[in-house]
1. Could you check B:ALA246 against (1) touching a strand residue (DSSP E or B) at 6+ places or on another chain (Cβ under 7 Å); (2) free of Cβ contacts under 8 Å to residues at least 40 places away in the same chain and say which number it fails?
2. Can you name every residue in the stretch A:196-209 that is without any contact (Cβ under 8 Å) to a residue 12 or more places away in the chain and assigned to a helix (DSSP H, G or I)?
3. Can you give me the number of residues within the stretch B:20-61 that are in a strand (DSSP E or B) and under 21 Å from B:GLU151 (Cα atoms)?
4. Can you tell me which residue among A:THR132, A:THR143, A:THR136, A:THR89 is within 27 Å of B:GLY58 (Cα to Cα) and under 21 Å from the mean Cα position of the chain (by Cα)?
5. If you go through the stretch B:284-300 one residue at a time, how many are farther than 16 Å from B:VAL204 by Cα and either touching a helix residue (DSSP H, G or I) at 6+ places or on another chain (Cβ under 6 Å) or of a type outside the set (Gly, Ala, Ser) (or both)?
6. Here is a check on your reading of the model: is A:ALA246 of a type outside the set (S, T, N, Q), in contact with a Ser or Thr (Cβ under 7 Å, 6 or more places away or on another chain) and in a helix (DSSP H, G or I)?
7. Out of the residues in the stretch B:113-132 that are surrounded by fewer than 21 Cβ atoms within 10 Å (Cβ to Cβ) and of a type in the set (Gly, Ala, Ser), which is nearest to the other protein chains (Cβ to nearest Cβ)?
8. Can you tell me which residues in the stretch B:153-200 are of a type in the set (Phe, Trp, Tyr) and either closer than 27 Å to B:VAL78 by Cα or in the same structural domain as B:ASP36 (by TED's automatic domain parsing) (or both)?
Number of protein chains: 2
Amino acid sequence: MSDRTEISELGEFELIHQLTKDVKTTQPSTVQGIGDDAAVIDRGDHYELVSTDLLVEGVHFDMSYTPLKHLGYKAISVNLSDIFAMNGTPTHVTVSLAISSRFPYEAVNELYDGIKAACERFGVDLVGGDTTSSITGMMISVTAIGRVAKEKLALRSGAKENDLICVSGDLGGAYIGLQILEREKMVWKDNPEIQPDLEGFDYVIERFLKPEARADVIEELGKLGITPTSMIDISDGLGSELLHIARQSQCGVRVYEEKIPLDASTITQCQEFKMEPSVCALSGGEDYELLFTIPQSDFEAASKSEFFSIIGHITDAASGSAIVYPQGEEIQIKAQGWKSI
Amino acid sequence: MSDRTEISELGEFELIHQLTKDVKTTQPSTVQGIGDDAAVIDRGDHYELVSTDLLVEGVHFDMSYTPLKHLGYKAISVNLSDIFAMNGTPTHVTVSLAISSRFPYEAVNELYDGIKAACERFGVDLVGGDTTSSITGMMISVTAIGRVAKEKLALRSGAKENDLICVSGDLGGAYIGLQILEREKMVWKDNPEIQPDLEGFDYVIERFLKPEARADVIEELGKLGITPTSMIDISDGLGSELLHIARQSQCGVRVYEEKIPLDASTITQCQEFKMEPSVCALSGGEDYELLFTIPQSDFEAASKSEFFSIIGHITDAASGSAIVYPQGEEIQIKAQGWKSI
């Protein structure tokens, strides 16, 4: 090969775009292929949803502070989050695992305990997988399958001007949890005698190590009779996900900074790290909350819910995508995303 | 952890058994979970099939002699093989990829060219995936989805006493192809001036580098009106797959050594390596042919087919599983399988 283009020059989203731009679908059952949280396949009386994720040691998890049971739980939970992000219900998962001889059976068993605990918690069946050796680290690949009633499907592309933008739970906690774990790892590296001091950080650390896919939010929306016009889960950070909705729905967004939901402990920890809590929420990622849009007509029903907050609204595409600060200043949202290391 | 059991002590099949023995399924749609080539999910008027495979650099492929386009093609083909092994038709795939910065965009693009070529060849839609960085090597995880008419499903567990054992194509070629590639790699390592000499080895090398999933065999069985009573694809070697059928169908097998189909070039190359061709077929693996059983009543229809050979028959479980040599000697088949490295 004479030309060499570094993947880091492209970034994740451009890489995927380049690789898949000429992919055509020919199966009549394919409703949605690449480009949403899950693929959508027509099964007659309902849609099937399929999503897949890959977790790589040293990239997505650090064995020095990740309990294996939590890791197994998280691997399932983050994948199911993609099914919920289509307004669906997960039903089945497959799990593939590459492990080096560094891990004894007992470690793999612990990982599987977490996988099985998550399957039980969310009522999904573990129906297959592959187990193989790896030269170096551990890798976990999960595929989740789910279903959604046809009229309930929420793609990224359905947001309409004036729709309200909602987000579940609170944001930024997972990111600040990770910062604390990284800090304690450094302290421990410098002086292995010192035990990590994680007291008082339970909430944000659990947000990072053991995120809960928001099955309850989908249930709540069903109870309220609300079908989101668009939806995505927050894996890369609120800012990045807002841009996905804006691009795929061909619209703009206005999100009010003071409306972004933050837990008290996230705010406290951010102050300690001298970080703006809203910046953690916008750029941090790994919160696995649901970001969605609803018609204005659902405002009354939505405003009563304790499961999510209304944080802004959809505008026309020409207005672009911005965060509105309390003084009225608007800051354009910039694209984030994975970079090759 | 006080106890440490090396995974290599268990081996692949025992590891999977230990990890998944207490997995229960609760979804009413789950027909078959872990333990066959693919999971089976009831979709009302048909069964859905789901299979997943993980290919790891340095374990499943060696970059020094694996063209990336072939690798992409193979990653899809071997997964679709699992769907065919249920007597089904593949419809959709997802592909996840972990890549280190060692690979430029052009390399990943070539890999995707192979992935897309295989999808086109088999008429399946690429509908999703995940792309991430890796610290070291490349890893490819593919999930294949397919469908089968309910009355056509072939599990590993349906073989009955006196059924005929059939195998498609010819065996052992992929294994001997790999031996040639490994030998030329060694020559090249010792003296990089010498170009690899692969002339005349096209067939066996292609068997290894670019296996074709046997869509045509499934089509042929349909035309002949034959529904196999059991089926599995040959990834670990004929011996290992025979034992899977014997164990899961609670029966024994008798396979006639002289009936094992071998290509002329496989025989020639085996002689050069001083290996028994039937040993390559039994223990080699990676042929991705289909091994299946049919009722005796289908003998006449089956014996006319050029797509597969009748190599033996099913016995009662007490008779065990053996290869019958021309002089009448019976050798018990031993379990093979992946070992942790």
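The values are calculated or read from the model by the stated rules, or taken from the named source; none is laboratory data. The model shown is predicted, which means the values in this text are computed figures rather than measured ones. Here the Cβ positions follow ideal geometry from the backbone for every residue, glycine too, while neighbour counts run over all protein chains shown.
1. Condition (2) is where B:ALA246 drops out.
2. Scanning the stretch A:196-209 gives a single hit, A:ASP202.
3. So in the stretch B:20-61, the residues in a strand (DSSP E or B) come out as B:30-32, B:34, B:36, B:39-42, B:47-57, B:61.
Within this subset, residues satisfying the condition of being under 21 Å from B:GLU151 (Cα atoms) are B:30-32, B:34, B:36, B:39-42, B:47-51.
Number of matching residues: 14.
4. Numbers: A:THR132 fails: under 21 Å from the mean Cα position of the chain (by Cα); A:THR136 fails: under 21 Å from the mean Cα position of the chain (by Cα); A:THR89 fails: within 27 Å of B:GLY58 (Cα to Cα).
The unique qualifying residue is A:THR143.
5. Our first condition is that a residue be farther than 16 Å from B:VAL204 by Cα; within the stretch B:284-300, this holds for B:290-300.
Narrowing further to those that are either touching a helix residue (DSSP H, G or I) at 6+ places or on another chain (Cβ under 6 Å) or of a type outside the set (Gly, Ala, Ser) (or both): B:290-296, B:298-300.
Going through the stretch B:284-300 one residue at a time, the tally reaches 10.
6. Values: of a type outside the set (S, T, N, Q): yes; in contact with a Ser or Thr (Cβ under 7 Å, 6 or more places away or on another chain): yes; in a helix (DSSP H, G or I): yes.
Answer is yes for this residue.
7. Here the residue is B:GLY123.
8. Narrowing the stretch B:153-200 to residues of a type in the set (Phe, Trp, Tyr): B:175, B:188.
The one that is of a type in the set (Phe, Trp, Tyr) and either closer than 27 Å to B:VAL78 by Cα or in the same structural domain as B:ASP36 (by TED's automatic domain parsing) (or both): B:TYR175.
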